[in-house]
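Everything below concerns the one structure shown next.
The values are calculated or read from the model by the stated rules, or taken from the named source; none is laboratory data. Worth saying up front: this structure is predicted, and the values here are computed from it rather than measured. Note: ideal-geometry Cβ built from the backbone for every residue, glycine included; neighbour counts use all protein chains shown. Calculation scope for accessible area: heavy atoms of the full protein, side chains included, ligands and nucleic acids excluded. Shrake-Rupley method; radii C 1.70, N 1.55, O 1.52, S 1.80 Å.
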Amino acid sequence: MAWKQRILPKQVHDRTGFFVLQIGLPLILTFGTSQVLPVLFEEYPVILNVQIAAVVLLFINTELSLWMTILRDTSTESIKEKLPSVLKQGWQYCQVCQLNAPPRASHCFSCNTCILRRDHHCLFTGCCVGFYNHRAFLSFVTSFFAGSAYSLCLLVAFVSHTSHHFTFSTVFSVVLPVPAYLFGYMEHMSFMTGTLCAMSGAGIIASSVMLYNQLKYLIKGQTAYERKHRNTDYVQGFKANMAATCGSRWYIAWLSPLIPSPVDGDGTDFTQSARAAAEKDV
């Protein structure tokens, strides 16, 4: 398995999403552990320590999954020496890369390379999700969703605790922190809380959409690219579909990229469905 040398995304919009995430996640972690949790669990030190440990572990797993998605090279360049010089059946020649690309691979113009079993190009990671980093991406999306939902619950509880009751200005400050701050409805601390609430809410929306799509395609044994092009040549049963992306321990491998769960193959050869195999033999 190869690792990338370049870390920063190439495209401007990718860099924007990447830096928003890299600034937002540590900011929420710092504010939550230093301001929110000590206030909410001031009278319960044991629960406070457990909550802080849970938040830190969730943050570490999210960042680790994100960086393993970014750093793992899932392009055809990583196995260039294994690619045949003669075009095989089911393979395709990429005019841009000038090499023979295996089945399920496709070219990404943002990454400027062909990606093994390409799923899609992600805004937050600034890279494509493919054969070697798909499981890490699934772990990232799961952790991102859990962290966003958890932080929003804590922040709303913090606002309720410090405000003692909800008013129009309280709701206005949480939903639209910038206008509320400009019109004098909130002070600096309240503005920070409202901003982080808005960021957490946006994180829930983005991660829930990604998680829904990933699970939908994963269960059906398709990538986003194959779903778009109505390709069902590699659809197997539920267990086989899950193992093809998450490995032998598919039932827990999506929780963390550190869980050992090897995936069969090298991204060039895939088991076809019975229908596709029968059509191929005709």
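Go over the candidates 162, 113, 125 one by one and state the one that is of a type in the set (Ser, Thr, Tyr), touching a Ser or Thr at 6+ places or on another chain (Cβ under 9 Å) and open to solvent by less than 10 Å² (accessible area, probe 1.4 Å). Let's see the steps before the verdict.
On the way: 162 fails: open to solvent by less than 10 Å² (accessible area, probe 1.4 Å); 113 fails: open to solvent by less than 10 Å² (accessible area, probe 1.4 Å).
The unique qualifying residue is 125.
Take residue 192 and decide whether it is touching a residue at least 12 places away in the same chain (Cβ under 8 Å) and surrounded by fewer than 20 Cβ atoms within 10 Å (Cβ to Cβ).
Working: touching a residue at least 12 places away in the same chain (Cβ under 8 Å): yes; surrounded by fewer than 20 Cβ atoms within 10 Å (Cβ to Cβ): yes.
So residue 192 fits the description; yes.
If the condition is being open to solvent by 40 Å² or more (accessible area, probe 1.4 Å) and either in contact with a Phe, Trp or Tyr (Cβ under 9 Å, 6 or more places away or on another chain) or modelled with pLDDT of 90 or more (or both), then the stretch 236-253 contributes 238, 239, 240, 244, 248, 249, 250, 251, 252.
Conditions tested, residue by residue: (1) touching a strand residue (DSSP E or B) at 6+ places or on another chain (Cβ under 8 Å); (2) over 29 Å from residue 253 (Cβ atoms); (3) of a type outside the set (A, V, I, L, M, F, W, C); (4) without any contact (Cβ under 8 Å) to a residue 24 or more places away in the chain.
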| position | (1), (2), (3), (4) |
| --- | --- |
| 5 | no, no, yes, yes |
| 22 | no, no, yes, yes |
| 37 | no, yes, no, no |
| 53 | no, no, no, yes |
| 62 | no, no, yes, no |
| 66 | no, no, no, no |
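Does residue 209 meet the test of being among the aliphatic types (A, V, I, L, M) and in a loop (DSSP other than H, G, I, E, B)?
Working: among the aliphatic types (A, V, I, L, M): yes; in a loop (DSSP other than H, G, I, E, B): no.
No.
Of all the criteria given as (1) open to solvent by 80 Å² or more (accessible area, probe 1.4 Å); (2) out of contact with any Gly (no Cβ under 8 Å at 6 or more places or on another chain), the one not satisfied by residue 15 is (2).
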